[in-house]
Amino acid sequence: MNSRLLWLLAAILLAGSTYLLTQSDQSSPETASPASDGVQMVEVTLPAEFTEQQTLGRTAFENNCATCHGENATGLVGKGPPLIHKIYEPSHHGDGAFLMAARQGVRAHHWKFGDMPPVEGLTNADIENIVAYVRAVQRENGIN
């Protein structure tokens, strides 16, 4: 009897640990409280210096993308995902994916924020600068 109880306890602990380890460390609108909407989702470290292109991209990002993706692409609970996240590493979402998302919008597929609408008024150069900025911040945070 004691042996069965120990096995049951071990199975429950293993299942619970597995569940906790497999959960995303990112909040979703469904699990976040309404009071947390708009709170940044991740902490980021900024590079010590930006190139001229990255600086232009930072300005364009803050003026066009930060409303949903947060200042410095940290994501905002209830609004939009962080771009400083392994999901958006270059090998998974290439630079062209950012261009297409800004131009055409994108269906929700990694996060539960809903579809991203197209971003009006950005030129291809603006988007290239934004991508350069986001990639610089990603690299600074170990996302290559």
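Which count do you get for residues in the range 43-57 that are touching a residue at least 12 places away in the same chain (Cβ under 8 Å) and surrounded by fewer than 11 Cβ atoms within 10 Å (Cβ to Cβ)?
Here the count works out to 1.
Any residue that is within 14 Å of the chain's Cα centre (by Cα) and among the polar types (S, T, N, Q) - is there at least one of those in the range 119-132?
Scanning the range 119-132, I find no residue that is within 14 Å of the chain's Cα centre (by Cα) and among the polar types (S, T, N, Q), so the answer is no.
Being among the polar types (S, T, N, Q) and not in a helix (DSSP H, G or I) is the filter here, so list the residues in the range 39-77 that pass it.
Correct list: Gln40, Thr45, Thr51, Thr74.
Given the conditions (1) modelled with pLDDT under 95; (2) of a type outside the set (A, V, I, L, M, F, W, C); (3) under 14 Å from the mean Cα position of the chain (by Cα), which single one is not true for Thr74?
All conditions are met except number (1).
Keeping to the range 78-131, report how many residues are assigned to a loop (DSSP other than H, G, I, E, B), within 20 Å of Arg58 (Cα to Cα), of a type outside the set (Val, Ile, Thr) and in contact (Cβ under 8 Å) with a residue 40 or more places away in the chain.
9
Out of the residues in the range 111-122 that are over 13 Å from His69 (Cβ atoms) and touching a helix residue (DSSP H, G or I) at 6+ places or on another chain (Cβ under 7 Å), which is surrounded by the fewest Cβ atoms within 10 Å (Cβ to Cβ)?
Applying the filter and picking the extreme gives Pro118.
The values are calculated or read from the model by the stated rules, or taken from the named source; none is laboratory data. As the structure is a prediction and not an experimental result, all values here were calculated from the model. Ideal geometry is used to build each Cβ from the backbone, glycine not excepted, and the neighbour counts take in all protein chains shown.
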